[in-house]
Each structure stands twice: as C-alpha cells, then as structure tokens.
Amino acid sequence: MKVTKVTINEMKSESNLKAFATLEFDGQLVVSGFRIIEGEQGIFVSMPQRKHENSYYDIVYPNSKKGREILTGIILDNYNEHVGKDQEPFT
C-alpha cells in the first residue's frame, strides 16, 4: 500500500505536541491519530494509541524498523512542508 494523502493539523499551543497527522493509503484506508512531538532529543512521530486502564498501547504500528522509518519520514516531510521548517527527525 502507498500513502496517497497526508493531512497535518498543527497545534497552536506552546506544548511539546506540535501536530496531529492523518494518512490515507491507496485512497482506501484512513489512519488518524499520529502525533508529532518535540522531545528533548528532537522531533518524533508517535503512533496512534489507545488508553487501557493506566497505560497506553499503540493500535497502529509498522512491523519493522524500515516501515517505521518510512512512515516517520513521510509524516515529518509533510509536517516540515506545512510549517515551513526543516527539522531533523529523532532517530
């Protein structure tokens, strides 16, 4: 499956949560809830999560390091284009 659309919803507050992202795959499947976060070591993408009792777990995630790098790259490239910045992803 290929990513055919990326939507970035930038947060206007001063928190470390910078934006939410939604990905569309082949015009058929939409996955929302990706979070773009500024951490101590740089910007990174958090996968969609669900809360269960006192903890959170990813409900959508790549099953390989390469898959994570591809998704993170697509989301951060679109985020950087959206905000007009060039930030290095956290790896």
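The values are calculated or read from the model by the stated rules, or taken from the named source; none is laboratory data. Because the structure is a prediction, the values reported are computed rather than measured. Here the Cβ is made from the backbone with ideal geometry for all residues, glycine too, and neighbour counts use every protein chain on show. These accessible areas exclude ligands, DNA and RNA; they are computed on the full protein's heavy atoms, side chains included. Shrake-Rupley method; radii C 1.70, N 1.55, O 1.52, S 1.80 Å.
Give, as a single signed number, the net charge of other residues whose beta carbon lies under 15 Å from the beta carbon of THR7, with Lys and Arg counted +1 and Asp and Glu -1. Intermediate values should be presented prior to the final figure.
Working: positive: LYS5, LYS18, ARG35; negative: GLU10, GLU24, ASP77, GLU81.
Net of charged neighbours comes to -1.
On the protein heavy atoms, probe 1.4 angstrom, tell me the percent of accessible surface of the stretch 22-91 carried by carbon and sulfur. Before the final figure, lay out the partial values.
Values: 2220 of 4880 Å².
Carbon-and-sulfur percentage of accessible area, whole number: 45.
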Original post:
Tell me, what HN-Hα J-couplings in whole Hz come from the Karplus equation 6.51 cos²θ - 1.76 cosθ + 1.60 at θ = phi - 60° for each residue of the stretch 32-47, using x for Gly and Pro?
Top reply: 10, x, 5, 10, 9, 10, 9, x, 5, 9, x, 8, 8, 10, 9, 6
Original post:
Can you list the HN-Hα couplings for the stretch 58-69, worked out from phi with the Karplus curve (6.51, -1.76, 1.60; θ = phi - 60°), rounded to whole Hz and with x for Gly and Pro?
Top reply: 5, 9, 9, 7, x, 9, 8, 4, 4, x, 5, 4
**OP:** For the stretch 1-71, state which GluC sites (Glu not before Pro) are in a DSSP loop and have at most 11 other beta carbons lying within 10 Å of their beta carbon.
**Re:** GLU14, GLU40, GLU53
**OP:** Name the residue, out of LEU29, LEU17, LEU71, whose mean-square fluctuation peaks in a Gaussian network model built on the chain with Cα pairs under 10 Å.
**Re:** LEU29
Subject >> Simple label model, 7 Å out from Cα along Cβ direction - PHE25 to LYS66, nm >> reply: 1.6
Original post:
Where a ≥ b ≥ c are the square roots of the eigenvalues of the C-alpha gyration tensor, would you call the stretch 24-72 rounded, which needs a/c under 1.5, or, failing that, prolate if a/b is larger than b/c, or oblate?
Top reply: oblate
Original post:
Which of ASN54, GLN41, ASN80 sits closest to the plus end of the dipole of the chain, meaning its Cα is farthest towards the positive end, when Lys and Arg get +1 and Asp and Glu get -1 on the C-beta?
Top reply: ASN54
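Compute the accessible area per residue over the chain, keeping the other protein chains in place, probe 1.4 Å, unit Å².
Per residue, the chain has an accessible area of 71 Å².
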Original post:
From the Cα gyration tensor of the chain, with a ≥ b ≥ c the square roots of its eigenvalues, which class applies: rounded if a/c is under 1.5, or else prolate if a/b is larger than b/c, or else oblate?
Top reply: rounded
Original post:
So what is the relative contact order for the chain, in percent, with contacts set as C-alpha pairs under 8 Å and at least six apart?
Top reply: 21
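Would you work out the charge dipole size for the chain about its Cα centre, treating the Cβ of every Lys and Arg as +1 and the Cβ of every Asp and Glu as -1, and quote it to the nearest 20 debye?
260
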